[in-house]
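Encoded as structure tokens, the structure appears first; notes follow it.
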């Protein structure tokens, strides 16, 4: 606790003394730093982004529920108390391990059947301004979270489906206290005020958001959840709720969308094969498993960690508790190579074939050996995409584009189940459209803007198609990185982690994995490390967290360094020990509201 308090004090003091630094657009704004103690539990644990959601999941575990049961309760409460990040109007990726079998449930949103690849082009064929596209009907994909949770519950639930909705329904009816973070995000938000339903719910008549501590009730959401609890996903994908979603999207006053009742009725989650790679750390062989395409997370993280393991700096220790300039340089170069491959190859596997016929070609040892040779002591002028297995490429690289979103949940139960689920409505408050089946009843739920994860430009200047372009029924590329780590010898789960943060999810998760697995930190200490990363351009460093000498060293190597807020929302659970007994160690991000609870 003393270490965390010192981190907090140093950050606050330096923020007061230092001049403002450059800013980079983030999925959600920063809302301060609150030291977290780290947690230890013997049997079961829930790590989630809001204390009310975490406690709902812990209650379900104590009632004899499984990790999957708890995740459903957590998600429904997050829909209410963290509406800016995730909810039933969005999608999710879920990794689940039942002690024997690892499954990857894909609840990513899909593009409506009526779209084409000009969805985000204006009348002159130019890409729409990003913020204009986000806050529109065009950005809304067919939601997948409810269908995913129902499918996974059928396989791994222990408690009745309806029981899992009770905590969220009670909170929605009785109300919850608006947190300082939610208030700060509402205060900074403009587009949400333009939606009459959302404005009436989140804001006072004078246009200001309700203050922190205000008890916010959502009877409309309670009614929607009652329907889903009683009738299953059909109550969401058909009937009044489905019609309300379609009507909301079609009636957008500026850029209506084409989401239809057929799109909703036909939505189906996918079960995919998790993407795993080996990692040897501190003389221990591990298996790191993440989500395959349409997520880019597992491949990018696998490449970054694999490339780092092939550089002299890969196993370098922390220096005075921080990554060194040498280590950060190698990490940045490895990241640039990974993101070059990501921009060229990664998209929905139902529409795009993998290079060399398989996605793990991008993680092959020989391929990573070849790529690692490009990393030297100076910054590469260009970080090219590679050709795994001599792959022939017809795609064009996707241009840089903002990416938003999300919330992360990690849970382990007393039955030996473990899961990692990253869930999203994309940008803060999604498409800024709140759905209600009864305008006289306050509240509702927000729709996603997930389709803005597609490339706005479908082709490059030479006419070559971009793999991640818009197509009917397609799932947009994601960076969500729910991750489970296994002891390779025993097959036991040793860690569950993930984060929100748009494309920076990849870096936030990689940092935590490296910190816990390679540097031997507790989950909390790994999460507390300063954030860093690059999306191919500047090297981003969390402001006021790195020494001036480190920044200068990186600039001398050719990096453009931008110090900025990097508000991750990491959660992590990890096998450890307390008092000589096996235990689960938990960590939650000091940059957000999350906590860990359990027994």
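Quick note: the coordinates plus some simple rules give every number you see, no bench work behind them. Everything numeric here is computed off the predicted structure, so don't read it as measured data. Backbone-built Cβ (ideal geometry, glycine too); neighbour counts: all protein chains shown.
See the values below:
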item	result
Packing-based ranking, highest mean first, of 549-557, 145-153 given that Cβ atoms within 10 Å are counted	145-153, 549-557
Euclidean distance of C-alpha centroids, the stretch 160-220 and the stretch 312-385, integer Å	41
Compactness of the chain as Cα Rg over 2.2 N^0.38 Å, two decimals	0.90
Rg/Rh ratio calculated on Cα atoms of the stretch 145-280 (Kirkwood radius)	1.04
Projected-area average for the stretch 253-331 over all orientations - Cα convex hull basis, square nanometres	10.0
Convex hull projection area averaged over all views, the stretch 328-373, Cα basis, nm²	3.5
Computed over the stretch 212-357: relative contact order in percent, which uses C-alpha pairs under 8 Å that are six or more apart	14
Expected-Rg normalisation [2.2 N^0.38 Å, Cα atoms] applied to the stretch 449-526	1.52
Mean separation of Cα contacts under 8 Å, 6 or more apart, over the residue count of the chain: relative contact order %	25
Rg to Rh quotient for the stretch 375-525, alpha carbon positions, Kirkwood Rh	1.05
The stretch 440-599: C-alpha pair distances exceeding 29 Å, %	38
Highest-first arrangement of 522-531, 224-233, where packing means the average Cβ count within 10 Å	522-531, 224-233
Convex hull of the stretch 75-197 built on C-alpha atoms - directionally averaged projected area, nm²	10.9
Share of alpha-carbon pairs per 10 Å distance bin for the stretch 28-104, given as whole %	16, 42, 34, 7, 0
For the stretch 180-220, alpha-carbon Rg relative to the globular expectation (2.2 N^0.38 Å, N residues)	1.07
Computed helical MRE - 222 nm, the chain, DSSP H runs ≥ 4 contributing -39500 (n - 2.57), nearest 500	-9500 deg cm²/dmol
Over 26 Å [Cα-Cα, the stretch 260-407], rounded percent	32
Stretchable slack from residue 101 to residue 400, in nm (0.36 nm times residue separation minus alpha-carbon distance)	104.0 nm
For the stretch 541-599, alpha-carbon Rg and Dmax in angstrom	17.4, 50
Viscosity 1.002 mPa s, temperature 20 °C, Stokes-Einstein D of the stretch 216-277 from Kirkwood C-alpha radius, µm²/s	156
